[in-house]
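First up is the structure itself, then whatever we jot down about it.
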C-alpha cells in the first residue's frame, strides 16, 4: 500500500491546492500509513488539513476537493486552532514517536515533504 499511497497522496494534495488556493496552509499524513501498518482496501488515509482560515466556505471547498478521494479521512483545523491543539497535545504525541505525523505539503515551504 505504501507505493500506492506515494502515488495517490500528491494527487490528493494537488486537488486541495486547486480547490483551496491560499486558504490551504499545510497537510500532514498520520495514522496507520505513517506507522507502516495500513491495510489496502481496509485502512483509510488520515490527513490533517490546516487551513489559513476555517469557515463554512473553506470546509465546503475541502469536501469538493476530496470528492474523488473517498479513502481520505480528513481532520480539518484552522491555523489558529491547530496552534492551540499543538500546545495542548504535543506532550502526549511526543510520548509515542511511532505515531508522529509525516508532513505531506506545506504552503509557505513551497512543496511536498517527507
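Structural remarks
Quick grid of which residues meet (1) loosely packed, with under 14 Cβ neighbours inside 10 Å; (2) in contact with a strand residue (DSSP E or B) (Cβ under 8 Å, 6 or more places away or on another chain):
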residue	(1), (2)
33	no, yes
37	yes, no
43	no, no
48	no, yes
56	yes, no
71	no, yes
78	no, yes
82	no, yes
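- Residue-level check: of (1) surrounded by 19 or more Cβ atoms within 10 Å (Cβ to Cβ); (2) at pLDDT 85 or above; (3) touching a strand residue (DSSP E or B) at 6+ places or on another chain (Cβ under 7 Å), residue 105 misses just (2).
- In segment 1-26, the residues that are part of a strand (DSSP E or B) and in contact with a helix residue (DSSP H, G or I) (Cβ under 6 Å, 6 or more places away or on another chain): 24, 25
- So residue 100, is it modelled with pLDDT under 95, on the phi < 0 side of the Ramachandran plot and in contact with a helix residue (DSSP H, G or I) (Cβ under 9 Å, 6 or more places away or on another chain): yes
- Contact map, segment 1-13: residues that are at pLDDT below 90 paired with residues that are surrounded by 11 or more Cβ atoms within 10 Å (Cβ to Cβ) and part of a helix (DSSP H, G or I), Cβ distance under 8 Å, separation 6+ or inter-chain. Pairs shown: 1/33; 2/33; 5/33.
- Here is the figure for segment 20-29: residues that are closer than 16 Å to residue 81 by Cβ and within 8 Å of the chain's Cα centre (by Cα) total 3.
- Annotation for segment 76-92: at least one member residue is closer than 30 Å to residue 3 by Cβ, at pLDDT 90 or above and in contact with a helix residue (DSSP H, G or I) (Cβ under 9 Å, 6 or more places away or on another chain).
The values are calculated or read from the model by the stated rules, or taken from the named source; none is laboratory data. Here the structure is a predicted model, which is why all the values come from computation and not from measurement. Heads up, the Cβs are rebuilt from the backbone with ideal geometry, glycines too, and the neighbour counts pull from every protein chain shown.
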